[in-house]
Amino acid sequence: MLWIAFERTYRDIMTQFSPQDNNGVSNSEGLRGHIAAQPDLLVHFGADLDVAEISEIGDGNLNFIFHVRTPKVQMAIKHAPSWSRISRGTRALTRDRLGFEARALRLFRELAPLHVPTVYTYDADASMLAMEFITPHEILRKGLMAGQEYPDFADHISTYLANCLFNTSDFALKPSDKRQLVAEFSRNVELCEITERLVFTDAFVGSDDNRWTRPQLDAAVVRIQSDPIVRMRVEQLKLDFLTRTDALLHGDLHTGSIMATSDETFVIDPEFAVFGPMGFDIGMMIGNLLLGFFILPAHGGSDAQRENILNTIETLWEGFVQKFATHWQKNRDGGVFAYANFAAPVLSGATDAFLHSYLARVLDDAVGYAAVEVVRRLIGRAHVPEFDAIKDDDLRARHEAQAFQFAYNLLRSEENINAIGQMTAQARAACTV
C-alpha cells in the first residue's frame, strides 16, 4: 500500500507537467502519429495501430516510456525529450542519450541474451527507442518492497554481470576493438556528468539540491561531509570511475532498472553506459539491495525476508566470481593474459593467482561504491521510493540512521573487505544499534 500511495503521488505530479517536446511525441496521440509515419515501426502494428492502447508508464527521472498494445503486439517505446523529466523541463539535456542506451542494449543483449530485452528500432532524429515489452514482470524494487522473493535473481544478475563485464574487458577484446568501444561510449558526456555529480560530489561536498530527513540526520550529514578519511575514500572511487576503463558499465544498475518474475530477470535502462571499473555496477546493485534491507521492517517485512536480501547479495557476488572465472578459463583471448600466451603449466598457476587478486580488488571497489550509493540515496537529490514512501519522519529516520552508519563505517574503514560475508555481517550488526 505504501508503494501504491507513493506511485500515485509521483504520477499526479508528473502528469501536471507534460510539455510537448520539439518532436511532438510526449503524449499518446503524438506517438501514434509518429508510429504511423515510421515504416520500421508501423510494420509491427499494421491496421491495428488505429485501435492500439497507448499509455505512458514511465516513472524515471529523465524520459517518457509508453506502452503500446494491440490484440497481437505489445511494445515499449522510450522517448528522450530535450530536457530532464525530474527538472520539470528546466534542465536541458541532449537527446543523443538514447543512442547510447540503444547501443548498450544491443551489445548487452548479444552477451546476456536471456537477461536483456530486444531492441526493435532506434530513431535518432525523433529520439525514440522501440523495444520488447516485458510482461508479466514487475520492477524489482517494487516487488521487494511488497515482500516478494526472487529465488533466481542472484543467479541471473550474476550471469549478466559476468558475461557483460568480462566480455567488454581487455581479457576478452582485442586492443583495437576495445579502444573503439571506449571512444564510442566516452561521448556519453552529459549523463556521465550526472553520475559524477550526483553519486560522488553533491552528497559529500554539499549542494542546494540535497535533501534529507531534518533535523534527525543533520549531525550525520555534517559528520560525513567533514570527515577527511571518508572524503578521500570517495574521491579515490570517483577518480577510478573517471579514469579506469575496465569494462562497459550499465552505469545505473539498481533495483529500479531490473524487471523480474520468480524465474526471469531483465536488465533495462542502460542510458548511463560508459566504460569504468567493474566494481561500479556490482556496487550500485548491492547498494540498492542494502537500502531495501535496511528499510524493509518499515514496510512490514520479516526478519526472514531481510535475511533473504543479504543471502541474495552473497549469492550474487559468489556467482559472479564463479562465472567470471569460467570466462577466464574459456574466453580469455583479448589483449592481456591471453590464454594462448599463458598455457604452460608454470604460467597458468601465476595467472590464476592474478585472477584471485584482481577479483579481490573488484570486491573492494564494489563495497566502496555500494557505500557511496547508500549515502547519496539518503541525503542527495535522487532518493529511492523505499524510504520516501515512509511518511513518518521518525520511523524513516531510524532506518536511515542505521543505513547511514553502516555506509559511513565502510567508507571510513582502513581494512579491505576480503569476503562478501564480512560486509553482510556488518549490515546485520548495524540493525542492532
Computed over the chain, protein heavy atoms only, probe 1.4 angstrom, the accessible area per residue in square angstrom equals 42 Å²
Residue (of 338, 304, 368) at the positive-pole extreme of segment 275-375, dipole from beta-carbon charges: 338
Non-local amide H neighbours of residue 128 (under 5 Å, H modeled in plane, Pro and chain starts lacking H): which ones? 123
Inter-part gap, Cα centre of segment 141-216 to Cα centre of segment 94-135, in whole angstrom, is 17 Å
Estimated [θ] at 222 nm from DSSP helical runs (n ≥ 4, -39500 (n - 2.57)) normalised by residues in the chain, nearest 500: -17000 deg cm²/dmol
So how do 178, 142, 238 rank on accessible area, 1.4 Å probe, biggest first, that is with the largest at the start? 142, 238, 178
Spelling it out for residue 380: with amide H atoms placed in the peptide plane at 1.01 Å from N, the residues 5 or more places away or on another chain with amide H under 5 Å from its amide H are 211
Can you tally the net charge around residue 416? Count Lys and Arg as +1, Asp and Glu as -1, for every other residue whose Cβ sits under 11 Å from the Cβ of residue 416. -3
Please give the length that would be gained between residue 338 and residue 354 if that part of the chain were fully extended, namely 0.36 nm times their separation in residues minus their C-alpha to C-alpha distance (nm, one decimal). 4.5 nm
Dipole-positive endmost among 399, 348, 295 within segment 277-433 (Cβ charges, Cα centre): 348
Starting from the Cα of residue 383, step 7 Å along the direction of its Cβ; do the same at residue 125; then give the gap between the two resulting points in nm. 4.4 nm
If Lys and Arg each add +1 and Asp and Glu each add -1, what is the summed charge of the other residues whose beta carbon sits under 11 Å from the beta carbon of residue 248? -1
Rounded to a whole number, what % of the accessible area of the chain do carbon and sulfur atoms account for, probe 1.4 Å? 52 percent
Taking DSSP loops as anything outside H, G, I, E and B, show the longest stretch in the chain free of GluC sites (Glu not before Pro) there with at most 16 other beta carbons within 10 Å. 265-413
Label-point separation (nm) for residue 264 and residue 135, each offset 7 Å from Cα along Cα-to-Cβ? 1.2 nm
For segment 292-433, Kirkwood radius (reciprocal of mean inverse C-alpha pair distance, Å): 17.4 Å
Grab the other residues whose beta carbon is less than 15 angstrom from that of residue 294, score K and R as +1, D and E as -1, and report the net. +1
Computed about the Cα centre, the charge dipole of the chain from +1 Lys/Arg and -1 Asp/Glu charges at the Cβ has a magnitude in debye, to the nearest 20, of 540 debye
Those helices of the chain passing the 30 Å axial Cα length cut-off and the mean Kyte-Doolittle cut-off of 0.0 (DSSP H runs only) are 345-379
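The values are calculated or read from the model by the stated rules, or taken from the named source; none is laboratory data. This structure is a prediction, so every number in the text was calculated from the model and none was measured. Counting neighbours? That spans all protein chains shown, and the Cβs are built from the backbone with ideal geometry, glycine included. Please note that ligands, DNA and RNA were not included when accessible areas were found on the heavy atoms of the full protein model with its side chains. Shrake-Rupley method; radii C 1.70, N 1.55, O 1.52, S 1.80 Å.
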